[in-house]
1. Cβ contacts < 8 Å: first residue free of Cβ contacts under 8 Å to residues at least 24 places away in the same chain, restricted to region 167-180; second residue of a type in the set (Ser, Thr, Tyr) and buried (at least 20 other Cβ atoms within 10 Å of the Cβ), any location; separation 6+ or different chain. Result?
2. Of the residues Arg244, Arg237, Arg228, which single one is basic (Lys, Arg) and under 27 Å from the mean Cα position of the chain (by Cα)?
3. Considering region 151-172 alone, what residues qualify as being closer than 10 Å to Pro214 by Cβ and buried (at least 21 other Cβ atoms within 10 Å of the Cβ)?
4. State which residue is farthest from Gly227 (Cα to Cα) when the search covers only region 99-124 and only residues that are at pLDDT below 95 and in contact with a Phe, Trp or Tyr (Cβ under 7 Å, 6 or more places away or on another chain).
5. Filter region 200-232 down to the residues that are closer than 18 Å to Ala170 by Cβ and touching a Ser or Thr at 6+ places or on another chain (Cβ under 7 Å), then identify the one that is surrounded by the most Cβ atoms within 10 Å (Cβ to Cβ).
6. Tell me yes or no: at least one residue of region 157-176 is more than 24 Å from Gly247 (Cβ to Cβ) and either out of contact with any strand residue (DSSP E or B) (no Cβ under 6 Å at 6 or more places or on another chain) or not in a strand (DSSP E or B) (or both).
Amino acid sequence: MAPSHRSDEPAAGEAGEAPPGVPGGPPPAARGETTPGGPGGPTPANPPPEGGAVRRRPPRWRWVAYVVAAAVVGTALGYALAPSAKAPGVITVGNQRGTPGVSAAGYAPTDARAAAWTLPALAQPSTTVSLSQFAGRPVVVNFWASWCPPCRQELPALAAMARRYGGRVAFVGVDTNDQRSSALSFMRAAGVTYPVAFDANGTVAVREGLFGLPDTLFVSPSGVVVGRQLGPMSESRIEALVKRAFGSV
């Protein structure tokens, strides 16, 4: 005689409870539990700390306050670290490695070695202009651009002083970040007859740590930058700085 089923056991096909984690068991929600990422449960990326306490997220307004504060601090630092925009007669063009001895408009003595460079000539692109061709002579190297108002003010004075010094002091211009046609028109109108190189992408300007335009280097016969003028110069100013940089020439 087959054994009879006890009335307190679930019949075949009825939903009996299996232990948690065993296939066929009830879902966690049916047991009053929460699931990761589900309602009332912690997200997988933010598990609760040890001890079971769940850390509350800060209110949304607090995050907004943090973002606004960071923006204000960042803006203040930017103004503090940026080159001065109050330097008279200087068009700030950016700086990659710092200008030795120069932080504002004016003249400063330096002892840095001039960067060696060779660039296409502004007037005749098939020929080149290089700093090395002036070796053994004092050289005034002037960085300028036709779109720079202080440069337009200064260039005629440089042209006049180059004619006055003749071969005793060499003058060379470097037209930087400019349009060739505009630069040529301006150069001819200013009466420039000395060599002018065309630095289309500002490569040499970056290597020399250009701070702004106009920027003029006074290079000794041995290739050392003995002085630097940031900002435009008059004829009398050029004469005074040539004497200061090179002595009586």
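The values are calculated or read from the model by the stated rules, or taken from the named source; none is laboratory data. Keep in mind the model is a prediction, meaning the values are calculated, not measured. Every residue, glycine as well, gets a Cβ built from its backbone with ideal geometry; the counts of neighbours run over all protein chains shown.
1. none
2. Working: Arg244 fails: under 27 Å from the mean Cα position of the chain (by Cα); Arg237 fails: under 27 Å from the mean Cα position of the chain (by Cα).
Of Arg244, Arg237, Arg228, the one residue that is basic (Lys, Arg) and under 27 Å from the mean Cα position of the chain (by Cα) is Arg228.
3. Pass one, region 151-172, residues closer than 10 Å to Pro214 by Cβ: 151-155, 158.
Of everything in region 151-172, those that are closer than 10 Å to Pro214 by Cβ and buried (at least 21 other Cβ atoms within 10 Å of the Cβ) turn out to be Cys151, Glu154, Leu155, Leu158.
4. Here the residue is Thr99.
5. Within region 200-232, the first condition is being closer than 18 Å to Ala170 by Cβ, and the residues that meet it are 204, 208, 214-229.
Restricting the remaining residues to those that are touching a Ser or Thr at 6+ places or on another chain (Cβ under 7 Å) gives 225-229.
Values: Val225: 22, Val226: 18, Gly227: 23, Arg228: 26, Gln229: 23.
Here the residue is Arg228.
6. So in region 157-176, the residues more than 24 Å from Gly247 (Cβ to Cβ) come out as 174-176.
Filter once more, so that each one left must be either out of contact with any strand residue (DSSP E or B) (no Cβ under 6 Å at 6 or more places or on another chain) or not in a strand (DSSP E or B) (or both): none.
No, because not a single residue in region 157-176 is more than 24 Å from Gly247 (Cβ to Cβ) and either out of contact with any strand residue (DSSP E or B) (no Cβ under 6 Å at 6 or more places or on another chain) or not in a strand (DSSP E or B) (or both).
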